[in-house]
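Derivation of every value follows stated rules applied to the coordinates shown; laboratory data play no part. Every value quoted in this text rests on a predicted model; they were computed, and no experiment measured them. Positions of Cβ are generated from backbone atoms using ideal geometry, with glycine treated the same way; all protein chains shown enter the neighbour counts.
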Ligand SMILES: [Cu+2]
């Protein structure tokens, strides 16, 4: 009976995390909050309305910290936009980050059509690039930049390309994919709320590729987008060319942290033979390892043996 009571209390706590304001106290009184657990954040968020902005993943806002992305009219074969600053005027001064002053990422709402391009800046603050919007559909455009004397930001805006849209289902999760004759395999799995290593290994015709070329200051550039809202995650490479330990393939490593469980699409840009290739993977964060049989992790299911007595009800697979 005691276990049942505890699990019921945990369910109340979960309800609080997803919007209500009661119940969290009961949960945290009883069980110590482990590092990185989201229930601690929920308590904080309800008490301090200034804090959560820092926790919102990039790319979800069209306007943030005084900066706004503003698509402007352009010929059909171009995409153009401005970033308007806190004074309402187009920003004309940017810092270089990852070798460029502006990274423009576009993807359809169904996570297809990913492109990562680098527009040119006109003196009036207009960014222009040959359009990366490769067909009809509802697109999301992300501008990843750092205004001079400002913080790095990623703003996102929807752009519609008229025409008949064929929605594509998200490819199933996989640990290997092919692109342009290269085979790329993924080891590691993103974990909600904490950093986890992700390593990609590149081969061609069955042989490891050991002469990858630096691209944007690294042997790989990784973007992760969350299914459902296209939250944008810039993932930092673990090691840079010339640091004495990072080799030009076949393995390229990253340290990734995702904000929640769920499906993500990973886009790995790497350069070889003077050409940039993009390998794509669907991954599911927060799923138990494949070799772990399902247990009573669901509060309505059977209790995991001993789990409730260790103060971690419902959080078995950390
Ligand atoms: Cu870029």
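Figures for the structure shown
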quantity: Percentage relative contact order, region 94-147, counting C-alpha pairs under 8 Å, at least six apart; calculated: 46
quantity: Sequence of 154, 240 once ranked by neighbouring C-beta atoms within 10 Å, starting from the fewest; calculated: 240, 154
quantity: Projected label distance in nm at residue 73 and residue 120, using a 7 Å step from Cα toward the beta-carbon; calculated: 2.2
quantity: As computed over region 211-270, the Cα convex hull volume per residue (Å³); calculated: 80
quantity: Relative contact order [Cα under 8 Å, 6+ residues apart], region 169-211, whole percent; calculated: 29
quantity: Using distinct alpha-carbon pairs, which all enter the 1/r mean, Kirkwood radius of region 103-158 in Å; calculated: 12.2
quantity: Relative contact order computed over region 103-257 (Cα-Cα under 8 Å; 6+ residues apart), in percent; calculated: 17
quantity: Euclidean distance between Cα centres, region 112-168 to region 208-250, Å; calculated: 21
quantity: Quarter of Cα convex hull surface for region 110-229, i.e. mean projection, nm²; calculated: 10.8
